Structure formats: structure tokens, C-alpha cells
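Visitor: Got a structure for you, written out below as C-alpha cells; questions coming shortly.
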Amino acid sequence: MPKSLLVTGGAGFIGANFVHYWLGQYPEDKVVVLDALTYAGNIANLDPVKDNRNFSFVHGNICDQDLAEKLLREHDADTIVHFAAESHVDRSITGPDAFIETNIIGTHSLLKAAKKLWIDEGLKPEHRFHHVSTDEVYGTLEADDPAFNESTPYAPNSPYSASKAASDHLVRAYLHTYGLQVSTSNCSNNYGPYHFPEKLIPLVITNILFNKALPIYGDGKQIRDWLYVEDHARGIELVINKGIVGECYNIGGINEWTNIDIVQLVCKLMNDTFAEDSELAKRFPEAQAAISGDAASLITYVKDRPGHDRRYAIDPTKAEGELGYVPAESFETGIKKTLQWYLDNEEWWSKVMDGSYQDWVESQYG
Ligand code: NAD
Ligand code: DAU
């Protein structure tokens, strides 16, 4: 039987990729996106599905419980996939309030709406509230520590990860206290199309094209575990379809890189792409990749992020064993696809990077 999904934060990076993926896999399902269109949300991210008769978009805030109830009722929704969040660690350091508001209060409003309709009114005996969380709730690893698994104790270190941890606990409590049928996935760093250019990989790609410095925080030896965004969508699909109610699943691709190595790799791929395609130098004449063939000359070490987590790594054994989860994209192909997507979609990234965003970055990092 087709599902009816309420997807929060579907105009953001991962939410939009998830909606494209889901409607491609399940064209008979209904999908309504609820998104506040903050600086990180962009309605153009949903262009690939905008003409789909089973898709609709509602501009609104997850903190508005009445609106969430109205949407669940009107769309006869049986599934919530909850992506909406403030997601950038640096912003959580300079302005934590929005993170508390959306990530904690907003998640709680959504839980209350789901409980009211699905439990109190009994409208959907079979339902699912899927909460999209992060590996950052587990804190930081030393170089030799085993990767995070689902039993790793929570130890969040930034206001962002603390707010996500709080929301994870609320989701868990709504199962144990009220019987709401919940699941949670904790994923590692995503990359791919529609990634807002404040995050490391799209920032480096677009800064190379603008001939701007590539800021490396601290010594650049911090480690992140990168996953192509569509593989995250596949993981969430498996948890919704096959995951056990009340369980948490770690999703990742066993793909650890230091930040400096990632930045060097993107520079090399960009140099190679400029060397192969002479049109690029005409489109981006200021880029070092065009002038000297050496984008890496833009690398600039800057002050470290306060409380910067040293290493994240995900152990996906549970999702592999219980759900059959296997990432489809290799890092080699995924990063090339991503770079090509940014070269092909200059209109998208120049539109989303408006003046206020650039001003904010410069005020933080000079
Ligand atoms: P994003 O910042 O790109 O998108 C967030 C979306 O939520 C935006 O469209 C924004 O407009 C919307 N939003 C924010 N506040 C809202 C509110 N109050 N009401 C309604 N909509 C609101 O984030 P993302 O990178 O796509 O992350 C999505 C989810 O996945 C987040 O919950 C994040 O914690 C989690 N996550 C992200 C990563 C990653 O690498 N980006 C990894 C693991 C988990
Ligand atoms: O691990 C999952 C998390 O990954 C998600 O929960 C977050 O929503 C998402 O933003 C991401 O968090 P990170 O802080 O790891 O991602 P970010 O792209 O901001 O930074 C990646 C690494 O690169 C991190 O160690 C900080 C560093 N960095 C980042 C920027 C933007 C730099 O060195 N220079 C930069 O300019």
C-alpha cells in the first residue's frame, strides 16, 4: 500500500536528495515537504520533483504544532521523516539559540503532533516517526579508537550536537512513554549535490572557482567519514521499510579522510578538470585552476573551530547485518560526480550564496 510521508526540512541538502530518491523509488507514495526555508533551505532544491502530482510543498515551521497536525490530517500521513534542523556546527557556536529552538523545541512539537493524531486519536495504528540524526552525538574519537556503534555513549561537544542529542532522547522517550512508533538513524558526514556552500566540500569547490582562500581549521588533521548523500537516503529507506521500531541505526560508508587530504583531493580533481576542459577557464578566468593549474595554492590555515571534534567514524555493522545496507557509490565516483554537479549548476550556488552568507563567513574567519 502506498505511504503518505510528511518530510520536514525537505528543501535542505539531505532532505531534498531524499525526496528526489523516494519519489523515484515509490512514485505512488505521497510526499508533502514542510520547510521554513531558512538560509539553508531553497525551494529550487525541489525542482526535480515539483511537477510530480504526488508532491506538495508547505512553507512553515516545525515549531508550529497546529500546522503539523493539520498537515498530518489533510495528507492522511502515516510516516514522518524528520530532517529539519539547524545543521552547521560553526553557526551553533556563534548563535546556539536557533539550534535549541528548531532542533529541540521543533522536534518536540512534531512529536506532540504525531502523538496527538496517531496515538491519542488512534488515526494510524501503523505509523512511523523517523528521526534523522548525526554521528556527532557520540562526541570525538582518538586515532586508535573503534568507530562509533549504536552502544557508544552519547557525549556531544558542540551546541549543535548537544541539541541533536536532546532531540534523539525525546524521540526515544515518546516510544517508551507513549508508544509512538519511532526509529532513528545516526549518519556520518554527507556530500553531494545541493550541499550548501558553507560546509567543507562545497565551500572548497566554490571558493576555488571564485579564487578565494580555502580555510583549513587548526592543523587540518581532523578526520571525518564521508558518505554520498544518496547512500544516506538509501539507508533511511531501509530503516523505514525494514528497521525495528525503537531501534537506532548507524549509517556510514567506512570512508575516513583528514580535512587537509580532502581539500588537496578536491584541488587536484579541479586542476585536472580545468586541464581537460578549456571552456572552464573561459567561464572562471579568475580561478587558480585556470591561471596556474594549482588550486591548492589557495589553501590557508586559519584559527581552529572552538571545541573542534578530532575524529568521527561510523561502524555500520548493524545496518549491514539487519537491513542489508551497502553504500552504492564509491568515494572516487561520488566526489567526481559532486564536483561535476557544481560545475554544471553555477546558477544554483551563486543564487544560494547571497551577500548575507558571505558577510557571515568573513565576520567569523576573516
Ligand atoms: P540543511 O541545513 O541543509 O537543511 C535543513 C533544512 O531544514 C533547511 O531546508 C531548512 O530550511 C529547514 N529548517 C530549518 N529550521 C526549520 C524549522 N524550524 N522548521 C522547518 N524547517 C526548518 O541540513 P542537512 O545537512 O540537509 O541535514 C538534514 C538533517 O540531517 C539534519 O537533521 C542534520 O542534523 C542531519 N545530518 C546531517 C548530516 C550532514 O552531513 N549534513 C549528517 C548526518 C545527519
Ligand atoms: O558528522 C555529521 C555532521 O557533519 C552533521 O551532523 C553536520 O550537520 C554537518 O554539518 C557535518 O558537520 P562537520 O562539522 O563535520 O562538517 P563541516 O563541513 O562544517 O566541516 C567538516 C570538517 O572540515 C570539520 O572538521 C571542520 C573542517 N572545516 C570546515 C569548514 C567549513 C575546515 O577546516 N574549514 C572550513 O572552512
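Visitor: Of the cross-linked pairs K199/K337; K30/K50; K50/K112, which ones have a Cα-Cα span greater than 22 Å in the structure shown?
Guide: Pairs exceeding the cut-off: K50/K112.
Visitor: Pairs of Cα atoms under 8 Å, at least six residues apart: use those to get the relative contact order of segment 243-310, whole percent.
Guide: 24
Visitor: Write out the trypsin sites (Lys or Arg not before Pro) in segment 246-320 meeting two conditions: DSSP loop, and at most 15 other Cβ atoms within 10 Å of their Cβ.
Guide: K303, R310
Visitor: How much of the pair distance distribution for the chain lies past 35 Å, counting alpha-carbon pairs only, in percent?
Guide: When every Cα pair of the chain is considered, 22 percent fall beyond 35 Å.
Visitor: So with the 1.4 Å probe, I'd like the accessible area per residue for the chain, rounded to whole Å².
Guide: 41
Visitor: Quick one: compute a quarter of the convex hull surface over the Cα atoms of segment 191-308 and quote it in nm².
Guide: Averaged projected area of segment 191-308's Cα convex hull equals 9.2 nm².
Visitor: Quick one: 3J(HN,Hα) in Hz for segment 312-326, Karplus 6.51/-1.76/1.60 with θ = phi - 60°, rounded, Gly and Pro as x.
Guide: Ordered by residue, 3J(HN,Hα) equals 10, 7, 9, 9, x, 4, 5, 5, 5, x, 8, 10, x, 6, 9 Hz.
Visitor: Considering the dipole of segment 157-291 built from charges on the beta carbon (Lys and Arg +1, Asp and Glu -1) around the Cα centre, which of V171, I251, I262 is farthest to its positive end?
Guide: V171
Visitor: May I ask you to derive the relative contact order of the chain, considering only C-alpha pairs under 8 Å and at least 6 residues apart, and to give it as an integer percent?
Guide: With pairs under 8 Å counted, the relative contact order is 17 percent.
Visitor: On a 0 to 90° scale, report how tilted helix 331-344 is relative to the longest principal axis of the chain, with both axes built from alpha carbons and the result rounded to the nearest 10.
Guide: 80
Visitor: As I understand it, the dipole of segment 1-96 uses +1 on the Cβ of Lys and Arg and -1 on the Cβ of Asp and Glu, about the Cα centre. Which of P2, L71, T38 lies farthest toward its positive end?
Guide: Result: P2, furthest along the dipole toward the positive end.
Visitor: Now for a different question. Rounding to the nearest 20 debye, state how big the charge dipole of segment 222-366 is about its Cα centre with +1 on each Lys and Arg Cβ and -1 on each Asp and Glu Cβ.
Guide: Computed charge dipole of segment 222-366: roughly 280 debye.
Visitor: How large, in percent, is the carbon and sulfur part of the accessible surface of segment 66-207 at a probe radius of 1.4 Å?
Guide: 50
Visitor: Show the residues, 5+ positions off or on another chain, whose built amide H is closer than 5 Å to the amide H of Q181.
Guide: F129
Visitor: Can you tell me the 0 to 90 degree angle between the C-alpha axis of helix 200-210 and the longest principal axis of the chain, rounded to 10?
Guide: For helix 200-210, the angle is close to 40 degrees.
Visitor: What angle, in degrees between 0 and 90 and rounded to the nearest 10, separates the Cα long axis of helix 355-365 from the longest principal axis of the Cα atoms of the chain?
Guide: 70
Visitor: So, with +1 on the Cβ of K and R and -1 on the Cβ of D and E, and no other charges, what is the size of the charge dipole of segment 81-159 about its Cα centre, to the nearest 20 debye?
Guide: Magnitude of the dipole: close to 580 debye.
Visitor: Only Lys, Arg, Asp and Glu count, each charged at its Cβ (+1, +1, -1, -1), so figure out the dipole size of segment 1-154 about its Cα centre, rounded to 20 debye.
Guide: Computed charge dipole of segment 1-154: roughly 620 debye.
The values are calculated or read from the model by the stated rules, or taken from the named source; none is laboratory data. Keep in mind that this is a model prediction, so the values were computed, not measured. So basically every Cβ, Gly included, is an ideal-geometry build from the backbone, and we count neighbours across all protein chains shown. Keep in mind that these areas ignore ligands, DNA and RNA; they rest on the heavy atoms of the full protein, side chains included. Shrake-Rupley method; radii C 1.70, N 1.55, O 1.52, S 1.80 Å.
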